[in-house]
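**Q** Supplied in structure tokens, the structure appears directly below.
The values are calculated or read from the model by the stated rules, or taken from the named source; none is laboratory data. As the structure is a computational prediction, the values presented were derived from the model and not from experiment. All Cβ positions, glycine included, derive from the backbone under ideal geometry; neighbour counts span all protein chains shown.
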């Protein structure tokens with residue numbers, strides 16, 4: 001019970017920061033909604049941990065609900081890292097395009 | 001009938017090559033219409049020395065890798081009415097007198113893309129590890145990923161006709177461009193020819209894990225090839 005409350009307080013802290021960042025226009029609308037949904041989902045899962053336990057047991061997992069949530073978070077992390085990698089690759093390509101454009105333009109200017 | 005190919009541009013990507021660049025420029029420049037050095041963000045005097053020797057010098061503000069530098073050169077060549085483009089190395093590992101041999105099949109209308117090969121007769125002293133392990137491995141990866149068999153798929157000495165150049169855009173900034181060019185040449189059904197060339201080894205340019213500059217090293221190249229497959 002206490003653990004759940006601590007978790008919820010932490011989530012509340014992150015959500016309040018999220019609103020703060022939104023107010024200061026540090027993050028865009030899409031990003032705000034993504035993280036809001038993310039934290040609300042996390043809060044719901046923590047509040048209904050008992051139900052998650054029985055759901056997970058019904059699926060045939062031997063671990064508790066919180067364990068399965070942990071596994072899932074690792075999967076989500078992997079996915080996010082993968083997406084980040086692809087995005088970095090795209091940014092790298094864009095940098096190359098800019099560098100190339102500058103080098104070709106410089107040459108033309110001098111001719 | 002022999003086609004008329006007037007303008008031959010040689011492209012040499014150079015990253016921190018101040019030791020070799022002047023010699024290479026002096027050797028290559030008399031043999032072709034234009035010599036383009038793409039200084040790939042060198043931190044040494046490559047840019048100044050190349051300019052002093054009177055080559056056309058394009059400068060990347062930051063290091064982007066050999067593939068990126070070659071593509072910059074290719075675009076310059078296209079904009080400047082090149083009929084044939086030759087990719088050459090800055091570190092003196094290729095022989096400038098073999099440029100005329102590598103462009104010959106294009107001039108005679110025999111091929112659109114000509115690749116140099118270390119394994120077709122001419123004698124190159126290839127380090128054992130490279131000959132027996134790295135190059136066959138690279139060949140195997142090429143065979144699996146892009147289904148092209150050449151005797152020397154990782155060779156950086158090649159000539160492309162304007163037709164080939166117009167169809168090929170190098171998107172791999174690093175060393176994976178060798179395989180990429182092969183893949184795009186074969187996908188566009190361009191006629192490929194291999195000619196024997198000589199390679200002089202000074203130093204190890206390419207290890208399994210790392211090389212000189214961005215996007216080098218055997219494993220990195222394989223990773224780049226997989227990523228390129230994923231992204232397309």
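Rundown of residues vs (1) free of Cβ contacts under 8 Å to residues at least 12 places away in the same chain; (2) under 29 Å from residue B:189 (Cα atoms), yes/no style:
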| residue | (1), (2) |
| --- | --- |
| B:62 | no, no |
| B:89 | no, yes |
| B:107 | no, yes |
| B:112 | no, yes |
| B:136 | yes, yes |
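**Q** Any chance region B:85-94 includes a residue that's modelled with pLDDT under 90 and farther than 23 Å from residue B:172 by Cα?
**A** Scanning region B:85-94 turns up at least one residue that is modelled with pLDDT under 90 and farther than 23 Å from residue B:172 by Cα.
**Q** Quick one: which helices (runs of 4 or more DSSP H) lie wholly within region B:106-221 and hold at least 2 residues that are within 15 Å of the chain's Cα centre (by Cα) and at pLDDT 75 or above?
**A** Once the helices (runs of 4 or more DSSP H) in region B:106-221 are filtered for at least 2 residues that are within 15 Å of the chain's Cα centre (by Cα) and at pLDDT 75 or above, what remains is B:162-167, B:177-187.
**Q** Does region B:61-101 hold any residues that are part of a strand (DSSP E or B) and in contact with a strand residue (DSSP E or B) (Cβ under 6 Å, 6 or more places away or on another chain), and which are they?
**A** Residues satisfying the conditions are B:84, B:85, B:86, B:87.
**Q** Hey, another quick one. Filter region B:41-51 down to the residues that are touching a residue at least 24 places away in the same chain (Cβ under 8 Å) and assigned to a helix (DSSP H, G or I) and list them by number.
**A** B:46, B:49, B:50
**Q** Do we have residue B:61 as surrounded by fewer than 16 Cβ atoms within 10 Å (Cβ to Cβ), in contact with a helix residue (DSSP H, G or I) (Cβ under 8 Å, 6 or more places away or on another chain) and within 14 Å of chain A (Cβ to nearest Cβ) here?
**A** yes
**Q** Need pairs with beta-carbon distance below 7 Å; first residue more than 17 Å from residue B:147 (Cβ to Cβ) and within region B:220-232, second at pLDDT below 75; sequence gap 6+ or separate chains.
**A** B:224/B:215
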